[in-house]
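Reading through the structure tokens given below for one structure.
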Amino acid sequence: EKLDFCETCAVCKSHVRRISREPADRNVGVFEVLGLDFCGPMSVPSLGGRRYSLCAVDFRSRFMLHDAVRSKDEAPASFRRMLTTIRSLGHTVRRLRVDNDTVFLGAAFRNLLDEFNIAVEITAPYAHWQHGRIERQWTLV
């Protein structure tokens, strides 16, 4: 169906909800809120042939969990391993903050979150400042 306005007008007139600069997520327990991001494909694969990187950052302690994977299809299995590691330490993930990567929006990943009873927070498209803590962590990996 034909829209009465151009796509550029729709993007320019859209608004992003104002993000508080207060560190509200520091009041949660260790591993209760995680940020998860995917990076890749890397131009040069690792020795094991892995071209993608999955990184989870705890918002309280800033502890990082990292896994290298061969393809985006391996992301749910990789995140499952991260969750079992966190559970073995005696912690429970309650919320997960992700960007709009297709991996995190897929059915396999959603089923994994439902299985572990994790609420998901999806940041707005092209709003990297909403996902700042995990984006800044890529400089450390």
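Going toward the positive end of the dipole of the range 25-139, with +1 on Lys and Arg Cβ and -1 on Asp and Glu Cβ, which of PRO41, ILE86, VAL98 do you reach last?
ILE86
Only bridges whose two residues both fall in the range 25-139 count here: according to DSSP, what percent of them are antiparallel, nearest 5?
Percentage antiparallel, nearest 5: 60.
Filter the trypsin sites (Lys or Arg not before Pro) in the range 61-128 down to the DSSP loop ones having no more than 16 other Cβ atoms within 10 Å, then list what survives.
Values: sites: ARG62, ARG70, LYS72, ARG80, ARG81, ARG87, ARG94, ARG95, ARG97, ARG110; in loops: ARG62, ARG70, ARG94.
Those satisfying the criteria are ARG62, ARG70, ARG94.
Kindly provide the chymotrypsin sites (Phe, Trp or Tyr not before Pro) of the range 30-97 that DSSP labels as loop, not H, G, I, E or B, and whose Cβ sees at most 13 other Cβ atoms within 10 Å.
Details: sites: PHE31, PHE38, TYR52, PHE59, PHE63, PHE79; in loops: PHE31, PHE59, PHE63.
Hits after loop and neighbour filter: nothing returned.
HIS128 versus GLU32, label points 7 Å from Cα toward the beta carbon: distance in nm?
3.0
Quote to one decimal, in nm, the extra length available between MET42 and SER61 on full extension: 0.36 nm per residue of separation minus the C-alpha distance between them.
On the way: separation 19, 0.36 × 19 = 6.84 nm, distance 2.80 nm.
Stretched fully, the MET42-SER61 segment lengthens by 4.0 nm.
Would you mind classifying the range 25-139 by shape? Square roots of the alpha carbon gyration tensor eigenvalues, ordered a ≥ b ≥ c; an a/c under 1.5 is rounded, otherwise it is prolate if a/b is larger than b/c and oblate if not.
Numbers: a/c = 1.43, a/b = 1.29, b/c = 1.11.
It is rounded, given that a/c, with a ≥ b ≥ c, falls under 1.5.
At 7 Å along the Cα-to-beta-carbon direction for both ARG87 and GLU115, put a label point, then send me their distance in nm to one decimal.
Distance between label points: 0.9 nm.
Hey, can you grab everything whose amide H is under 5 Å from the amide H of ARG97? Only 5+ residues off in sequence or another chain; H modelled, so Pro and N-termini drop out.
LEU34, GLY35, LEU36, GLU121
Throughout, read-outs are computed from the coordinates displayed, never taken from laboratory work. All values derive from a computational prediction rather than experimental measurement. Please note: Cβ atoms are built from the backbone with ideal geometry, for glycine as well, and neighbour counts cover all protein chains shown.
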